Structure formats: structure tokens, C-alpha cells
Amino acid sequence: MSLTGTPFLITTIALAAVAVLLPLALWSRVRGPALVRGAARLLMVLFAQATAVTLVFLLVNNSNNLYDNWGDLLGTGDHVQAAADLGADGTGGISLRELPKVKQTFREANGPGMHAAGGVQVTDLKGQVSGVDAEVYVWLPPQYHEAAYRHRRFPVVELLPGYPGSAKSWFGSLHAPQQLLPLMKSGQVTPFILVSPRTTLIADADTGCANIPGRVNADTWLSVDVPKMVTDNFRAEGGPGGWAVAGYSAGAHCAAKLAVAHPDRYRAGVSLSGYNDPIGEPLSLAAQTPQLRAANNPYLILKHDRVAPAISLYVSGESGDGYEAGMALQKVAKSPTAVDVVYLPRSAGGHNMALWRPQITTVFRWLTQQFDAGGHKTTGNTSNTTGSTPSGRTTRPHLPSTAGSTRAALASGTASRATAVRKP
């Protein structure tokens, strides 16, 4: 049975109920020597505990979309077929225009939230350049099938989950389509195509959305193979003018890094409770060496760029969990790079879906502003403490450092593993 499927959940609920009723019915009826009676009763207790723990885990997993299948949970999944050295730009010198078109077959996606707001479809993509073989989920805006828009190409937002995290999370736990559908219908939000590719590609490790020869080409999978597949199969705009990338937690780090590293592929990036230094996720493959850490740190990329990228970044977070990272990016950004930072008070929640879910409409209103402008903001950087669309004022609360590291160290990538704690 599927880990996230209804049959397994119902079976677990039934077994949990049986586990409660079993000792009530049989506790005093167990016969035999004392050792046998004790063993039988102990087994009933252990059975009750095991089913209770399993049920709680399933409810939490289904609510937060942490593990998509048994392979993710048990650490046996591997979606990397090859990991060649693709060079600095992640293409291996391949002319993407000369690659054959990728024609995919899509099917209806299953799981919580997958059938809402018109439904989500999924396909299994074999990355021509990255060597990654994994699923990609796609949601189409309401205008996509309307006759008036039959010749229209739509902008795309690539959505990235945290680690561990399922590509379904933006559709399931965060309810993005349900929240955006009425706003797109009323014209308040641009009708974006939403695309969420798998990011858990290697067992028991976060790729850090990096290219690591011999291990994984996650950057190329996300910034080359997935966009090519989408533009080959849908009326989607090409990059950079038609693409943005958004993520939460580890996915937020990826979103900022991809936008900063590839302004030729993305116009905007959204980081919700993210970090700059890959060491913010202890299991990140991009944190294994100083060279990888530096190459995949958006702060350092921006700081050392000779030409400032024409991108816009939206960064939100609480103290010690995303805010400092955003302020660091804002500090080193030079026009035409624009960085909007939103400070979230502790009362807004913690490092979880309850914090990120209410930000969906705000984020997509901000993205609408970037795309409707027909270009990039060049009016400077802003910071906000309300969680609404940045208004142009600068508010920098005096915040304490956390876990023994200064905010500058946490943001810039000089913190050690022992002190690089980002979650509250």
C-alpha cells in the first residue's frame, strides 16, 4: 500500500482501534504460566504503542508532506541515473536548443490536495542533461483552457519543498491552488503555471540543489531539464522572463541560490524561512566542502558577482530563521538586483506549514508585480515587518543572535556546524 494513500491510513486507524480494544477484552482472560501471561500482555501493550506511533506519524506526514513514498522514508530511493561533470553553467557544453523536444505523458496525481482547484497532473521525466529520473507535478491556471487564451503563453513558478519534503507539498499542505484559483479568476494574481519537481533525489541526503559530479546534478535537473520539459509540453513562457522559483526551508535556500546563480533562467526568487550557507541543512551535500559551500551560497555569489543579476528576490523569515539571511542578501545586492525582506514575528508561528501557508497569496501578489512590470525593479531594496507586500519602508528590528553564532556568520556562511542552528 502507498505510504500516503487512504487505504494505508484506514488500515492503521483500524489496527489502532483493535490495539485499544484487545487488552480491554483479553487482559484478564489470558491463561497459562505467569511468564506466558506476562509476555502476552506485553505484546498487547507494544502492539498498542506501535499502532499509535504509526498513526501519529501518518497524520503528521500527510499534513506536512514530508515523505512521499516508502523509498523516501526508508532511504532506499535513488533517482540519479548519471552525474557527469557539466561544468560551471550546468549544461556540459550542450546547446539546449539543439536537444530534441521532450514529449511527456501526464496522468492525474493522487494524494491530499491533488484533485482540488482543477487538479494536479504528474509525469515521470528522464532528464536529458542532468541524468535525473524523477516525477514532476504541474498545475494549470484557470485561463489555460479558456478559448480567449488559446494563443497565450503563461509564466511559470517552480515550487520547491523543504528537506525532507515531497514535491506534492505546495499542492497538499500549503493549498497553493485552492488559495490562488479565485485570485487568478478575478485578475488579482497573474495566471501562473505551477510546477513542482522532486528534489529528494538521493537516499538520506539533501542535494542542496547543487551539481556534484559523480553524485547528482540537482541544479541542472531543476534549472535546465524541468524548464525544458515544461516549455516543450505546455504553452509556457521561456526563461528568464517567464520563470520564477519559490521554496520554503531547504527549498528556500535552493530558490534563492538558483535565482542568483541563473539570472539567464529566472526573473525572480522567493525564499520562505531559508538560509544562505548550505550548512543550514546538516545533511546537505552542498555543505560537504568549503568549495561547494561557497559555490552554492547565494550571499557569496551576489557579493562576488562582477555584474549584478537582473533579478528580484522576496525573503521572509523570523529571527534566526530566514530574516538574517534576507538582510545579508539585501546588504550586498546592487542594482538591478532587488531584495525585499519581510520580518515575521515569533507570534506568526514556527518553522512549519502553519507559518508558510498564509504567505502564499502575499508571495504571488508580489510575483504578479514583478511580472506585470515587464522587467525588474530597480528602485532599491525594502524591508517590511508586517508580512504584507513590501511597501518601501525599511524596518530592521534589533534582534538577538542565536545558538552562539552572530547573525553575520549565520547569513554569510562563516558559521561552524556546531553553531549553525537555523530552526527555532
Can you work out the Karplus-derived ³J(HN,Hα) for every residue in region 219-224? Use 6.51 cos²θ - 1.76 cosθ + 1.60 with θ = phi - 60°, whole Hz, and x for glycine or proline. 4, 5, 4, 7, 9, 10
Highest mean first, what order results for 295-302, 108-115, 261-268 on Cβ atoms within 10 Å? 295-302, 261-268, 108-115
Read-out P(r) over Cα pairs in 10 Å bins from 0, in percent, derived from the coordinates shown; its label in (1) 5, 21, 31, 24, 11, 5, 3, 1, 0; (2) 5, 23, 32, 26, 12, 2, 0; (3) 5, 20, 24, 21, 15, 10, 5, 1, 0: (1)
Amide H to amide H under 5 Å from Thr190: which residues, 5+ apart in sequence or cross-chain, H placed 1.01 Å off N in plane? Thr368
Take the Cα radius of gyration of region 314-372 and divide it by 2.2 N^0.38 Å, with N its residue count; two decimals is plenty. 1.19
Value of Rg to Rh for region 123-278 (Rh from inverse mean 1/r over Cα pairs, i.e. Kirkwood): 0.96
About the Cα centre, charge dipole magnitude for region 130-224 (Lys/Arg +1, Asp/Glu -1 at Cβ), debye: 420
Using a probe of 1.4 angstrom, how much of the accessible area of region 120-239 is carbon and sulfur, in percent? 48
Calculate the translational D of region 121-191 in whole µm² s⁻¹ from Stokes-Einstein, where the hydrodynamic radius comes from the Kirkwood formula applied to all Cα pairs, the temperature is 25 °C and the viscosity 0.890 mPa s. 175
At 1.4 Å probe size, put Tyr314, Tyr163 in order of accessible surface, largest to smallest. Tyr163, Tyr314
Evaluate the relative contact order of the chain (contact order divided by residue number), counting alpha-carbon pairs under 8 angstrom at least 6 apart; express in whole percent. 13
Mean Cβ-within-10 Å packing, highest first, puts peptides 57-67, 95-105 in the order 57-67, 95-105
HN-Hα couplings for region 93-109 via Karplus (6.51, -1.76, 1.60; θ = phi - 60°), in whole Hz with x for Gly/Pro, come out as x, 7, 7, 5, 5, 8, 5, x, 5, 9, 9, 10, 9, 10, 10, 5, 7
Computed ³J(HN,Hα) along region 177-191: with the Karplus parameters 6.51/-1.76/1.60, θ = phi - 60°, integer Hz and x for glycine or proline, the list is x, 5, 6, 8, 3, x, 6, 6, 5, 8, x, 7, 10, 4, x
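The values are calculated or read from the model by the stated rules, or taken from the named source; none is laboratory data. For clarity, every value in this text was computed on a predicted model and none was experimentally measured. Because the Cβ atoms are built from the backbone with ideal geometry, glycine has one as well, and the counts that use them run over all protein chains shown. Heads up: the accessible areas ignore ligands, DNA and RNA and are worked out on the full protein's heavy atoms, side chains in. Shrake-Rupley method; radii C 1.70, N 1.55, O 1.52, S 1.80 Å.
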